[in-house]
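A.B. asks: Would you mind keeping the following structure in view while I ask a few things?
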Amino acid sequence: MIIKASAALRNDYTSISNMAKETKEPIYITKNGEGDLVLMSIEAFEKREQILQLRAKVLQAEQERIDGAETLSVSQARKRLGERVNGISG
């Protein structure tokens, strides 16, 4: 975990910006010794958002399965996928 004081962000933005981009990790910014902000590169933020969206879709699919939605076996899913691929390339 990377923790920096708000003064460091104010006084050395370029260094902290480079650190966020290089480490691809969030940087926790403190103000008066207390947590205040989290800073991260756009690349890291977008990747995190994609992961969260994927998790939400998985949770939704699992809830639908629990609620009784039709499910497929692995072999059925492979067959349907193969049919789609053949339909696109055919």
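The values are calculated or read from the model by the stated rules, or taken from the named source; none is laboratory data. None of these values were measured; they are calculated from a predicted model. Glycine also receives a Cβ, built like all others from the backbone with ideal geometry; neighbour counts cover every protein chain displayed. Protein only, heavy atoms only, side chains kept; ligands, DNA and RNA dropped before computing areas. Shrake-Rupley method; radii C 1.70, N 1.55, O 1.52, S 1.80 Å.
A.B. asks: So Asp36 ticks every box in (1) without any contact (Cβ under 8 Å) to a residue 24 or more places away in the chain; (2) in contact with a helix residue (DSSP H, G or I) (Cβ under 8 Å, 6 or more places away or on another chain) but one. Which box is left unticked?
C.D. replies: (1)
A.B. asks: So which residues in the stretch 58-76 are open to solvent by less than 80 Å² (accessible area, probe 1.4 Å) and under 26 Å from the mean Cα position of the chain (by Cα), if there are any at all?
C.D. replies: Correct list: Ala61, Glu62.
A.B. asks: Identify, please: which residue in the stretch 42-57 is free of Cβ contacts under 8 Å to residues at least 24 places away in the same chain and open to solvent by less than 90 Å² (accessible area, probe 1.4 Å) and is, among those, farthest from Ala5 (Cα to Cα)?
C.D. replies: Here the residue is Ala56.
A.B. asks: Return the total of residues in the stretch 3-12 being under 17 Å from Ala44 (Cβ atoms) and either modelled with pLDDT of 95 or more or of a type in the set (D, E, K, R) (or both).
C.D. replies: 2
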